[in-house]
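Peer 1: Submitted below is the structure of interest, expressed as structure tokens.
Since every read-out is calculated from the coordinates, none of them should be taken as a lab result. Everything numeric here is computed off the predicted structure, so don't read it as measured data. Every residue, glycine among them, receives a Cβ derived from its backbone with ideal geometry; neighbour counts consider all protein chains shown.
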Amino acid sequence: FAAQIGPMMLAGITKLAPTGVMLMFAILYFALMIDSGLFDPAVRKILTQIEMSTHFLRSYGGETEVLRVSTPSTFGARWLVPRLKGWRLRHPHIHLDLINEQESDDLIKGRCDVSFYFGQAAIPGA
């Protein structure tokens with residue numbers, strides 16, 4: 001067989017053989033896991049997360065309001081977030097959407113409802 005394919009092809013096959021063996025092993029491994037039901041917990045977790053996300057998205061309608069707050073990332077993480085403990089209990093119908101990517105014109109362009117902006121800016125109405 002080696003004499004018929006040539007030395008260059010043989011070298012390529014020799015280099016790729018371990019990859020092919022590993023690929024075949026991976027395919028067999030996952031097939032066995034699926035057949036034995038070992039993927040069920042992972043799939044159930046993903047489906048639960050999708051269900052929770054769906055309920056969360058539905059809560060945006062109806063009686064739940066969204067308050068979009070724009071802050072510099074360090075200020076938001078180190079000062080604002082620690083002070084929001086218990087927010088959801090006190091205000092169950094207001095969902096906070098914290099935005100850490102801040103532009104000086106977030107309020108003007110309607111990307112947020114409240115903005116913590118540090119520095120000098122010529123923002124009309126601010």
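Peer 1: Percent of alpha carbon pairs in the stretch 62-118 separated by more than 17 Å?
Peer 2: The answer is 40 percent, as a whole percent.
Peer 1: I would also like to ask the following. So the label point goes 7 Å from the Cα of E65 along Cα→C-beta, right? Which residues of the stretch 81-98 then have their backbone N under 20 Å from it?
Peer 2: 84-98
Peer 1: Of the peptides 66-72, 78-84, 94-100, how do they stack up when ordered by the mean number of other Cβ atoms within 10 Å, highest first?
Peer 2: Going from most to least packed, we get 66-72, 94-100, 78-84.
Peer 1: Between L98 and residues 5 or more places away or on another chain, which pairs have amide H atoms under 5 Å apart, with H built 1.01 Å from N, and which residues are they?
Peer 2: V69
Peer 1: May I pose another question? Provide the per-residue ³J(HN,Hα) series for the stretch 78-93, in order, calculated from phi with Karplus coefficients 6.51, -1.76, 1.60 and θ = phi - 60°, each as a whole number of Hz, with x at glycine and proline positions.
Peer 2: 8, 10, 6, 4, x, 8, 9, 4, x, 4, 5, 6, 6, 9, x, 9
Peer 1: Evaluate E = 1/(1 + (r/R0)^6) for R78 and K109, where r is the Cβ-Cβ distance and R0 equals 22 Å; express this FRET efficiency to the nearest 0.05.
Peer 2: It comes to 0.25.
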